[in-house]
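The values are calculated or read from the model by the stated rules, or taken from the named source; none is laboratory data. Since the structure is predicted, the reported quantities are computational estimates derived from the model, not experimental observations. Don't worry about glycine lacking a Cβ; one is built from the backbone with ideal geometry, like all the others, and counts go over all protein chains shown.
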Amino acid sequence: MIFEGFIETFKKLVRDRYGLAGITILSIMIIIGVLAPYLPLPDFNATIFHRFIPPSPDHPLGTDYLGRDLLSRVIWGARISLLAGFVAAGIASVIGIILGTIAGYYGGAVDIIISRIIEIFFVIPTFFIALTLAAIYGSNIYLLMIIIGVTTWPVTARIMRAQVMIVKEFLYIEAAKAIGANDLRIIIKHILPVAIQPAIANSILLVGNAIMIEAGLSYLGLGDPNYPSWGRLIYEGQPYISTAWWISVFPGIFLVATVLGLNFLGDALYRILTPRISNIRT
């Protein structure tokens, strides 16, 4: 049943031009990231070439200010940036789904407390919180994933809260309560399968948001210097943008294309999974 639903959703995504564009772009970037260790490329940190070599047959994307091959660093950057985006979005989605479900299902004081916490996160910009935590605790790439994850969950929580509040009023939920089903069973078996669909679509958008936040932190010098994420590469090429433009431009192109593809995919998935809400919005 779940597999059939996945296949049906995938078919609808392929028929949607934005969904198809998003799948294509994201698939290319994921393939590049997965194959990075197996491609015949020099080590991304190897300073064995001349500095500031422009794009050429030997170095398709040129070399940077230390003589490192930029093609190797951009391809490895796909691996690092996508990993950071998916892990951070996964953390944010889990936190948001759990807290939003609890708030929407139980209501009352529990809902008030969680809603106030969500409002606090909305009042303070997410990037500012992530920036402060990264400045305090360091720039380890894995720590950055956690920081981004624990600061970007409120949107998912608000979506889940609203959906659960609607779904819990359905008659079959009342029937499940009447026959003695406990809260955990009702939430997992009857509420989540229906209410979680908008959160799934939002999770795709969260990946792009997480990649952009990591890139922003790296651009400000708070990225992990040991790993060539796209944001880090843009930051490293900033001082040489007028003389060696390729150091920043090529990672920037990959970054923009990936985030754009994720936005296409997330928007198409939202329309497919929640057609009723989509119609109301339009």
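Which pairs turn up if I take residues in the range 6-29 that are aromatic (Phe, Trp, Tyr) and look for partners that are surrounded by 15 or more Cβ atoms within 10 Å (Cβ to Cβ) and not in a helix (DSSP H, G or I) with beta carbon separation below 9 Å, at least 6 apart in sequence or on another chain?
none
To keep it simple, each residue is scored yes or no on (1) crowded, with 24+ Cβ neighbours inside 10 Å; (2) of a type in the set (Val, Ile, Thr); (3) on the phi > 0 side of the Ramachandran plot; (4) modelled with pLDDT under 90.
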| site | (1), (2), (3), (4) |
| --- | --- |
| Val194 | no, yes, no, yes |
| Leu205 | no, no, no, no |
| Ala210 | yes, no, no, no |
| Tyr219 | no, no, no, yes |
| Pro225 | no, no, no, yes |
| Leu233 | yes, no, no, no |
| Ile241 | no, yes, no, no |
| Trp246 | no, no, no, no |
| Pro251 | yes, no, no, no |
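Within the range 115-171, can you find the residues that are β-branched (Val, Ile, Thr) and not in a helix (DSSP H, G or I)?
If the condition is that a residue be β-branched (Val, Ile, Thr) and not in a helix (DSSP H, G or I), then Ile124, Thr152 are the ones that fit.
For residues in the range 144-172 being out of contact with any helix residue (DSSP H, G or I) (no Cβ under 6 Å at 6 or more places or on another chain) and surrounded by fewer than 20 Cβ atoms within 10 Å (Cβ to Cβ), which is nearest to Gly85 (Cα to Cα)?
Result: Ile146.
Taking the residues in the range 59-91 that are of a type in the set (D, E, K, R) and in a helix (DSSP H, G or I) as candidates, determine which candidate is farthest from Leu262 (Cα to Cα). Step through it out loud before you land on a result.
In the first step, residues of the range 59-91 are kept if they are of a type in the set (D, E, K, R); the result is 64, 68-69, 73, 79.
Applying the additional criterion that residues be in a helix (DSSP H, G or I) yields 73, 79.
Values: Arg73: 22, Arg79: 15 Å.
In this case the residue turns out to be Arg73.
Just the residues that are polar (S, T, N, Q) and either at pLDDT 85 or above or touching a strand residue (DSSP E or B) at 6+ places or on another chain (Cβ under 8 Å) (or both), please, taken from the range 102-131.
Listed by number, the list holds a single entry, Ser115.
Among the helices (runs of 4 or more DSSP H) confined wholly to the range 177-282, which include 3 or more residues that are free of Cβ contacts under 8 Å to residues at least 40 places away in the same chain? Full working, then the answer.
Values: elements: 192-195, 197-219, 230-237, 246-273, 275-281.
So the answer is 246-273, 275-281.
Residues of the range 34-66 being over 30 Å from the mean Cα position of the chain (by Cα), within 21 Å of Ile253 (Cα to Cα) and without any contact (Cβ under 8 Å) to a residue 60 or more places away in the chain, which ones?
Within the range 34-66, Ile53, Ser56, Pro57, Asp58, His59 meet the criteria.
Could you pull out the residue among Ile234, Ile196, Ile187 that is of a type outside the set (Ser, Thr, Tyr) and in contact with a Pro (Cβ under 8 Å, 6 or more places away or on another chain)?
Exactly one of Ile234, Ile196, Ile187 is of a type outside the set (Ser, Thr, Tyr) and in contact with a Pro (Cβ under 8 Å, 6 or more places away or on another chain), namely Ile234.
Listed residues Leu171, Leu205; which is among the hydrophobic types (A, V, I, L, M, F, W, C) and over 17 Å from Ile95 (Cα atoms)?
Leu171
Being under 30 Å from Tyr227 (Cβ atoms) and modelled with pLDDT of 90 or more narrows it down to one residue among Met160, Met145; which is it?
Met145
Looking at Ile75, Ile98 in this structure, which one is without any contact (Cβ under 8 Å) to a residue 12 or more places away in the chain and surrounded by fewer than 24 Cβ atoms within 10 Å (Cβ to Cβ)?
Ile98
This table checks each residue for (1) surrounded by 18 or more Cβ atoms within 10 Å (Cβ to Cβ); (2) in contact with a helix residue (DSSP H, G or I) (Cβ under 6 Å, 6 or more places away or on another chain); (3) of a type in the set (D, E, K, R).
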residue	(1), (2), (3)
Val14	no, yes, no
Ile25	yes, yes, no
Met29	yes, yes, no
Pro40	no, no, no
Thr47	no, no, no
Phe52	no, no, no
Asp58	no, no, yes
Gly62	yes, yes, no
